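Visitor: I'd like to ask you about the structure that follows.
The values are calculated or read from the model by the stated rules, or taken from the named source; none is laboratory data. Note that the structure is a prediction, hence the values are computed from the model and not measured. Cβ coordinates were reconstructed from backbone atoms using ideal geometry, including for glycine residues, and neighbour counts include every protein chain displayed. Ligands, DNA and RNA are stripped out before the accessible areas are found, and what is left, the full protein with its side chains, is counted by its heavy atoms. Shrake-Rupley method; radii C 1.70, N 1.55, O 1.52, S 1.80 Å.
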Amino acid sequence: MRLYYPKSFLQLLFVGFALIALPLIFALVNSAISVDRLANRSQKAVYDAVRATQSSQRLTEQLRALERTARQMLILGDRSLLDTYRIAHQQLLKTAKGFDTLPFDSRQRADLSQILKIERTIYGAFVNPATSVADLQIAVAQFPKLDDLAREITERSNHLIDNQIDAMRHTASTAQRIVYWQLLALLPVALFLMVGFAILITRPIRELEVAIRRLGSGQFAVPVSVSGPEDLQYLGQRLEWMRRRLVDLEEQKNRFLQQVSHELKTPLTSLREGAELLNEEIVGKLTPQQREIAQIMRAKSIELQKLIDDLLKFGAMQFHKLLAERRLVEVRPLIECAAEDQRLALRGKELQLDVKAEDCTLNADPEKIRVIVDNLLSNAIKFSPRAGVVGLSARRDGDHFMIDVTDQGPGIDMRDRTRIFDAFFQGQNTPSGLVQGTGLGLSIVREYVGAHDGVIEVIDDGPGSGAHLRVSLPLQEAEQE
């Protein structure tokens, strides 16, 4: 399934951050709304509770003022206090009217109606001039009942406040649970979006990194394909163009090497035949000085022949997939054959070859094993001082077969060890001579060892100990038995 990407990498980042932040913003907004609702409800509850308490207290105080005025009129018989009572009566009605906006229950409203009804009876008794003193006493005797009703209204108001507090506490607890579950639900969503967009963002970058690493290591066979935003896809297309360009240059280089190598082989063959005729004295007896020159010509022609063969092998490796044609072979004869091929080069530098090879049967390509040993020996001879010793050992070590080649030369510089097996690389300690190497010998060795699923490495034997190269080839179960 093809993924949809925005046009640019910056848009991808913006969309990713926006989608990741969206659930968190939703949770914050929802929490803010819940807190705002809770605050408004709390504010209203407190306001209603204060009004209910104040109104209840005012009702009680006004009833007591009415009772006090009524008793004064009854005791003193002063009808002039009737105006004061009338004013207090009007205030009581006004206070009772304000109770309509308060969150009173039906019981409180019934009590309030009873208070107003009784008080209206008392007020009528005092207003009527014909009311007897006995009837006024009966009317005043009803004020304790009004006080009880007012107290009950106050108590129910306090109970209403408690109910409001419990309701607010329940609302707060509910809001807290909602926010908590929202966070629990949104955090996985945010985490999923983070992981998803991290994959979307890093995927094209990783593809670019892999493509650049392949190009840097010389692996040009795999086309460069980069998914993602258009700007990264365009960058991948430019890398693909670079890959094709490098492939073309590599093919041109290899064709050039092949052509040059083939062109050099014909005159070099004539040079070798002439050097062999001189060494065999077919054209006449040679003086010691002439024989020495003929031997030098023969040795250098053989060295040139090996360099040209390396160029041809390297070109073949570039054009064809390197496969090992394996079969069961005895290793010791192959090593002895490679050592014999280097006999003349050893004699030319008065070198001693110390061979320690165990008898072992390998499932390997015999020609490639011979080339591996031949190139390692040739490299060791090239860097060895005159009259030195070159060591060659082949042994079984557990489930691997080890081939070690050592010399007494200057060794491999630490700066060269990471590139010593690269094609055409010349190290810091390259010796001077009439015929310089191509830098392909160890590169071919690495390719041939890799074809056998083995590894080649530089062994550090300490300062002044020369170079030490080790080839490790895995033994199959049949070989080990």
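Visitor: Work out how much length Leu353 to Ser393 would gain on full extension: take 0.36 nm times their residue separation and subtract the Cα-Cα distance, in nm to one decimal.
Guide: Numbers: separation 40, 0.36 × 40 = 14.40 nm, distance 1.05 nm.
This chain segment gains 13.4 nm when fully extended.
Visitor: Give the relative contact order (percent, whole number) for the range 70-217; include only Cα pairs under 8 Å separated by 6+ residues.
Guide: The value is 22 percent.
Visitor: Aspartates and glutamates within cross-link reach of Lys117: Cα-Cα under 16 Å, excluding same-chain residues under 8 positions apart?
Guide: Hits, sequence-local ones excluded: Glu67, Asp147, Asp148.
Visitor: Can you compute the label reach from Lys44? Point 7 Å from Cα along the Cβ direction, backbone N cut-off under 13 Å, restricted to the range 138-182.
Guide: Taking a point 7 Å out along Cα→Cβ of Lys44, the residues of the range 138-182 whose backbone N falls under 13 Å are 168.
Visitor: Could you order Arg243, Arg177 so the one with the most accessible surface comes first? Probe is 1.4 Å.
Guide: Correct descending sequence by accessible area is Arg177, Arg243.
Visitor: How far apart, in nm, are the 7 Å Cα→Cβ label points at Phe14 and Glu61?
Guide: Spacing of the two 7 Å Cα→Cβ label points: 6.5 nm.
Visitor: To continue, here is another question. What percent does the relative contact order of the chain come to when contacts are Cα pairs within less than 8 Å and at least six residues apart?
Guide: With pairs under 8 Å counted, the relative contact order is 11 percent.
Visitor: Further question: With label points built 7 Å along Cα→Cβ from the Cα atoms of Thr84 and Ile199, find their separation and express it in nm.
Guide: Taking the two extended label points, one gets 8.9 nm.
Visitor: Using only Cα atoms and rounding to the nearest 10 degrees, what angle (0 to 90) does helix 230-279 make with the longest principal axis of the chain?
Guide: 10
Visitor: While we're here: Kindly report, to the nearest 10 Å², the accessible surface of Arg51 as traced by a 1.4 Å probe over protein heavy atoms only.
Guide: Number for this one is 60 Å².
Visitor: What's the center-to-center distance, using Cα atoms, between the range 390-406 and the range 207-233 in Å?
Guide: What the calculation gives is 39 Å, centre to centre.
Visitor: Just reorder Met414, Met194, Met168 by solvent-accessible area, largest first, 1.4 Å probe, all chains present.
Guide: Met414, Met194, Met168
Visitor: Now, a different point. If you take the square roots of the eigenvalues of the alpha-carbon gyration tensor of the range 95-177 and sort them as a ≥ b ≥ c, do you get rounded (a/c under 1.5), prolate (a/b over b/c) or oblate?
Guide: Verdict is prolate for the range 95-177.
Visitor: Specify the inter-centroid distance of the range 326-364 and the range 282-296, based on alpha-carbon positions, in whole Å.
Guide: About 30 Å separates the Cα centre of the range 326-364 from the one of the range 282-296.
Visitor: Roughly how much of Glu350 is accessible, in Å² to the nearest 10, using a 1.4 Å probe?
Guide: Surface accessible to solvent at Glu350 totals approximately 120 Å².
Visitor: Also, I was wondering about something else. Provide the gained length on full extension for the span Val283 to Lys97, in nm with one decimal, where the gain is 0.36 nm per separating residue minus the Cα-Cα distance.
Guide: Between Val283 and Lys97, full extension yields an extra 52.3 nm.
Visitor: Something else: Starting from the Cα of Ala221, step 7 Å along the direction of its Cβ; do the same at Asp461; then give the gap between the two resulting points in nm.
Guide: 3.6
Visitor: Quick one: go through the range 101-137 and flag any residue whose amide nitrogen is under 19 Å from the point 7 Å out along the Cα-to-Cβ line of Asp162.
Guide: Inside the label zone: 103-109.
Visitor: Using helices alone, I'd like the mean residue ellipticity at 222 nm for the chain: each DSSP H run of four-plus residues gives -39500 (n - 2.57), total over residue count, nearest 500.
Guide: Values: 12 runs with 321 residues, N = 481.
Using -39500 (n - 2.57) per qualifying helix, the result is -24000 deg cm²/dmol.
Visitor: Among DSSP beta bridges whose residues both lie in the chain, state the antiparallel percentage, nearest 5.
Guide: Expressed as a percentage, antiparallel bridges in the chain total about 80.
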